[in-house]
1. Going through ASP103, ASP138 one at a time, which residue ends up being of a type outside the set (Phe, Trp, Tyr) and either within 20 Å of LYS177 (Cβ to Cβ) or in contact with a strand residue (DSSP E or B) (Cβ under 8 Å, 6 or more places away or on another chain) (or both)?
2. Do we find that LYS177 is at pLDDT below 95, basic (Lys, Arg) and either on the phi < 0 side of the Ramachandran plot or open to solvent by 60 Å² or more (accessible area, probe 1.4 Å) (or both) in this structure?
3. Return yes or no: is ALA88 open to solvent by less than 20 Å² (accessible area, probe 1.4 Å), outside any strand (DSSP E or B) and either in contact with a Leu (Cβ under 6 Å, 6 or more places away or on another chain) or modelled with pLDDT of 95 or more (or both)?
4. How many of the residues making up the stretch 141-157 are outside any helix (DSSP H, G or I), more than 12 Å from GLU228 (Cα to Cα) and open to solvent by 40 Å² or more (accessible area, probe 1.4 Å)?
5. Can you work out which of the residues in the stretch 111-134 that are more than 22 Å from the chain's Cα centre (by Cα) and charged (D, E, K, R) is nearest to THR352 (Cα to Cα)?
6. Output the residues belonging to the stretch 92-140 that are at pLDDT 95 or above, of a type in the set (A, V, I, L, M, F, W, C) and either exposed (fewer than 13 other Cβ atoms within 10 Å of the Cβ) or not in a helix (DSSP H, G or I) (or both).
7. Among the residues of the stretch 234-259, count how many are touching a Pro at 6+ places or on another chain (Cβ under 9 Å), modelled with pLDDT of 95 or more and not in a strand (DSSP E or B).
8. When you scan the stretch 260-293, how many residues do you find that are at pLDDT 95 or above and open to solvent by less than 10 Å² (accessible area, probe 1.4 Å)?
Amino acid sequence: MRQQLPVALAATLTAALPAALPARAQTPAANTAPAPGPERIKEVPSVTAVDPAAIRPGQILFTDHRDNPSAPENGLIPYLDWLKARPAEAAALAPYPGYKEPDYTVTVNGVTKPRHETLKVYVAEGRFIVPRPPEAIDLQAFANLAFVQKMDPAIKHHTLAVADVTPNKDPAAAFAKRPDRPWCEGAGACIESRYDLEGKLPLGVKLANKLEEGSAKKIAEFVSFQSELRVLGPDQGDRLKALTKIDTAVTGGLEQTIFWVNQILRFGKFLAVFQPMPNDPTKTVVTAYMALAIKGDVLDRKAEYARVPVLKNLLPAQVLMGNSSFNTGNSISAGLPVYARNRIATFADALTKR
């Protein structure tokens, strides 16, 4: 099985991801880059509750369902609760229809046992206006490796052959296979990505590995993941309109699904849905989502860190949610909230400029 990292995310990517005991939130490091300013990103309880006509030029409505950001796991929801509480969102942002939490076997000291893996999900949602009609936006221009490379220069990407996709070829990864087709089949791009942790996180990883010296599970100083990028057509309109709650035709979508990650996450997805502006078809409403499913045992492992003063700020939920002195930068090491805001803002900029 893949190694697991109880530190900073992550997705997808891009795009990735239960219950842990409460832990005291830490003040973010002074050099942690802030999310885009409040004049650019407007925090709202729900983007679907705001009339798109009220969105100012260049503004992004944003929510990640956090009503108490300093709480360690605020903004995370157990996967099974997500299915019940926000079914349209879960249907669109799960890796594929009918996705279930993984079941597989693990072998410890020569003994093989079945295992069920629980997940917690972080979802960020943004909405903005592009001052062009949907037919003037070429989604195919964004469904390629070159575009993904521009989204976050800290993450390195290269193309991946369908035959080399881990769940497609590795029997031990069978639980991550799609039931209806191979991953990346017919996709605009099949991508392998790597993000090297930044700032003090590599030092934290070294200290954590030293703490668990002798363990077969070593923490990596990087996050690697595989994803597929594809354009969605108008035939996906019914399920996507149920998600966006905008009553104009869905003209298309862009979707990047992270289906294999070396640690921290189980899956992730970035989804952007394009619709004509109600009462003004010369403009396009774009609703963008980022979902990351975190392995439950990543969040549960913290007792060993609490014993070591320098590692107390390495508690997984704190680092993931950007509440640790280990957080830094603009990318994954900054924590999920900063990363999601920056990814959606960068995507909005790219659409506006093209």
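1. From the options ASP103, ASP138, the qualifying one is ASP103.
2. Numbers: at pLDDT below 95: no; basic (Lys, Arg): yes; either on the phi < 0 side of the Ramachandran plot or open to solvent by 60 Å² or more (accessible area, probe 1.4 Å) (or both): yes.
Here the answer is no, as LYS177 does not meet what is asked.
3. So ALA88 fails the test.
4. 2
5. The qualifying residue nearest to THR352 (Cα to Cα) is ARG132.
6. ALA94, LEU119, VAL121, VAL123, ALA124, PHE128, ILE129, VAL130, ALA136, ILE137 - these are the residues of the stretch 92-140 that are at pLDDT 95 or above, of a type in the set (A, V, I, L, M, F, W, C) and either exposed (fewer than 13 other Cβ atoms within 10 Å of the Cβ) or not in a helix (DSSP H, G or I) (or both).
7. Residues meeting the conditions: 5.
8. Number of matching residues: 20.
The values are calculated or read from the model by the stated rules, or taken from the named source; none is laboratory data. The structure displayed is predicted, hence computed values, not measured ones. Here Cβ is always computed from backbone atoms with ideal geometry, including for glycine, and neighbour counts include all displayed protein chains. Ligands, DNA and RNA are stripped out before the accessible areas are found, and what is left, the full protein with its side chains, is counted by its heavy atoms. Shrake-Rupley method; radii C 1.70, N 1.55, O 1.52, S 1.80 Å.
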